[in-house]
1. Could you calculate the FRET efficiency of Leu6 with Phe45 from 1/(1 + (r/R0)^6), where r is the beta carbon distance between them and R0 is 22 Å, rounded to 0.05?
2. Calculate the dipole size of segment 172-239 relative to its Cα centre from +1 charges on Lys and Arg beta carbons and -1 charges on Asp and Glu beta carbons; express the result in debye to the nearest 20.
3. Using θ = phi - 60° and the Karplus curve 6.51 cos²θ - 1.76 cosθ + 1.60, what whole-Hz ³J(HN,Hα) does each residue of segment 207-212 get, with Gly and Pro shown as x?
4. Would you mind checking which residues have amide H under 5 Å from Phe45's amide H? H placed 1.01 Å from N; only 5 or more apart, or other chain.
5. Provide the gained length on full extension for the span Ala254 to Arg230, in nm with one decimal, where the gain is 0.36 nm per separating residue minus the Cα-Cα distance.
6. Once phi is turned into ³J(HN,Hα) by the Karplus curve 6.51 cos²θ - 1.76 cosθ + 1.60 with θ = phi - 60°, what whole-Hz value does each residue of segment 185-195 show in order, with x for glycine and proline?
7. What list of ³J(HN,Hα) values in whole Hz, one per residue of segment 60-72 in order, does the Karplus curve 6.51 cos²θ - 1.76 cosθ + 1.60 (θ = phi - 60°) give from phi, with Gly and Pro shown as x?
8. With the Cα gyration tensor of segment 1-61 in hand, convert its eigenvalues to equivalent ellipsoid semi-axes via √(5λ) and list them largest first in whole Å.
Amino acid sequence: MDWSLLGCGRSGHVTYAPEEAGLRARLSVLTPAGLGWQCLRCGTFVLGPPAGSGPAAAAPEPRRDKDLRSSVILRVFAIERLLRALVFGVLAYGVVQYKDSRLSIEQAFDRKLPVIRALFRELGFNINHSKLVGLIQRAFTLSPRVLGYIAIGLVVYVAIELIEGIGLWLEKRWGEYFAMVATSVFLPYEVYDLTAKVTVTRVLFFAVNLALVLYLVLTKRLFGVRGGKRAYQARLRSESILQAAIDAAAIDAAAAGRGVAPGASAPAGPP
């Protein structure tokens, strides 16, 4: 799959006319139909005026290929983090509301429980041993102070998930480090949880968190892995169409200074 072409199909081509003559010639082509400019994302020459112009230093650097695919994957993880924040935010709100109006909620639950039990019995389910019902009934025995601590813990977790989600969505380096560290902290507990009992939910949560940690460390080269940030930036430069054109224009300029035709090989030195 060509992620660069997909990006151009969704957002349009990214063409640019640099002021530097040598570079300008590298990024343009004259055809019978008119002048075309090379897209800085997919590399296709597009007929018509460029989307922008100016010095090469001001040219856009669109994401390409692996980096564009990585952007999509990170945003999927970001959405998952933001959904977690939403779910646990609602749960925290419910705990606070329950703490403040505990008696009325408990009475309402006791009134509705027989009706709910009868309804599920008709559907073929017995909720007498339901874990959810057991957790709700156990919550009624907790003191307001304990419920307050639970609410605080939930709010802290929501804040962590929000920071992770926003950092990953914006594709910030600090967001990648924060998400990797924050997620790693919970992995030992999740492993312990799985040793106690294996459930689909626990396996799913562990798999998603482990995948995020490994993906960030390996592809974003965090903490110096695979050469670290310097190697990561070097890879981005090596995949840049604009940077390739700049390097080629510099070689042409150097060759012209030595009297070599642009694009030709420089004469070999004395043996």
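Every read-out reported here was derived from the displayed coordinates using simple, explicitly stated rules and does not represent laboratory data. All figures in this text were calculated on a predicted structure; none of them were measured in a lab. Quick reminder, even Gly has a Cβ in these numbers, built from the backbone with ideal geometry, and neighbours come from all protein chains shown.
1. 0.75
2. 440 debye
3. After applying 6.51 cos²θ - 1.76 cosθ + 1.60, I find 5, 5, 5, 5, 4, 5 Hz.
4. Cys39
5. Details: separation 24, 0.36 × 24 = 8.64 nm, distance 2.70 nm.
Difference between extended and current length: 5.9 nm.
6. 4, 8, 4, x, 5, 5, 5, 4, 4, 5, 5
7. x, 10, x, 5, 10, 6, 4, 5, 5, 4, 4, 4, 5
8. Ellipsoid semi-axes (Å, largest first): 19, 15, 9.
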